[in-house]
Every structure is written in structure tokens, then in C-alpha cells.
Amino acid sequence: MQMDYLRADDPDTVVATARWDGAVHIETDDEVVRGQLERAYRPTPVVVDDGAYRRLGTSGEVMIQPGDLEWFRAVSQVRATAATGLVARLVPGITEGGYDPAAGYRTFEATIERLSQPGD
């Protein structure tokens with residue numbers, strides 16, 4: 001999975017890129033932004049107040065532990081954008097796949113995790 005970071009006033013220019021393949025890889029020419037993103041993506045839990053991360057019937061904030069794709073997405077949406085002031089844009093790196101009615105038993109997260117594994 002890849003996140004591009006853009007300035008709000010210039011949405012056509014990518015300032016930085018963060019990729020997830022089991023570890024975070026940051027690419028940018030701006031050393032200030034690199035430092036901010038490295039600090040944001042440090043392997044610590046992130047707290048989000050988003051219904052997408054909550055269990056059914058619960059409310060409030062959720063703590064997401066580091067080390068998986070869900071954590072990378074949460075850090076990208078919350079901590080990294082707050083630290084840099086940039087806008088995060090998810091870049092789909094998967095050109096295969098699509099709707100598979102026989103795979104309806106998989107959760108969305110499991111499908112994304114399976115498709116984002118290198119070499120599959």
C-alpha cells in the first residue's frame with residue numbers, strides 16, 4: 001500500500017510518499033517532511049476516533065497497535081497528516097483483482113492484506 005502526501009493548495013505535486021510492505025518506507029527530497037513522517041510512523045500505537053475501527057456496539061476512541069496494514073492506514077490518516085499539514089492520498093498499487101463473488105467470505109481487510117503481499 002502506498003500513501004502520497006500533497007500540499008492542499010497544490011494537489012498535483014507529490015511532496016512525499018510512504019509505502020507499506022511490512023515496514024514503512026518514506027521517499028521525499030524535503031528533509032523537514034522526511035523527519036516529520038519518520039516521527040509520525042514510529043512503531044507506537046495510534047489512537048483514532050473513527051467508527052470504521054470500532055467493534056460493533058462500541059463507542060469512543062480505539063487504540064491500534066503497530067505492525068500491520070490497519071496501523072499504517074490509521075497513522076497515515078491521523079498522525080502523519082497532523083504532523084506535516086499535508087493531505088494523504090491512498091494510491092492503489094494493485095492492478096489485479098476485482099470483484100470475486102466466491103471470495104465473499106473474506107473481510108475487506110483480509111482481501112487487501114492478501115492482495116498487497118509481494119509476490120502473490
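The values are calculated or read from the model by the stated rules, or taken from the named source; none is laboratory data. Note that the structure is a prediction, hence the values are computed from the model and not measured. We place every Cβ from the backbone using ideal geometry, glycine too, and count neighbours over all the protein chains shown. Surface accessibility is based on the protein's heavy atoms, side chains included, excluding ligands, DNA and RNA. Shrake-Rupley method; radii C 1.70, N 1.55, O 1.52, S 1.80 Å.
Summary table
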| item | result |
| --- | --- |
| Potential lengthening between Arg42 and Glu61 on full extension [0.36 nm per residue; Cα-Cα distance subtracted] | 4.8 nm |
| Positive-end residue, the chain charge dipole about Cα centroid, Cβ charges, pick of Ile64, Leu90, Pro118 | Ile64 |
| Candidates Arg106, Arg89, Arg34: whichever shows maximal mean-square fluctuation once the chain is modelled as a Gaussian network with Cα springs under 10 Å | Arg106 |
| FRET efficiency for Asp50 and Asp21, using Cβ-Cβ distance with R0 set to 22 Å, rounded to 0.05 | 0.35 |
| Correct option for P(r) over Cα pairs in 10 Å bins from 0, in percent [calculated from the coordinates] among (i) 12, 40, 34, 13, 1; (ii) 13, 44, 36, 6, 0; (iii) 14, 48, 31, 6, 0 | (i) |
| Computed lengthening from Glu31 to Asp12, 0.36 nm per intervening residue step minus Cα-Cα distance | 4.8 nm |
| Apportionment of accessible area to carbon and sulfur, the chain, percent (1.4 Å) | 51 |
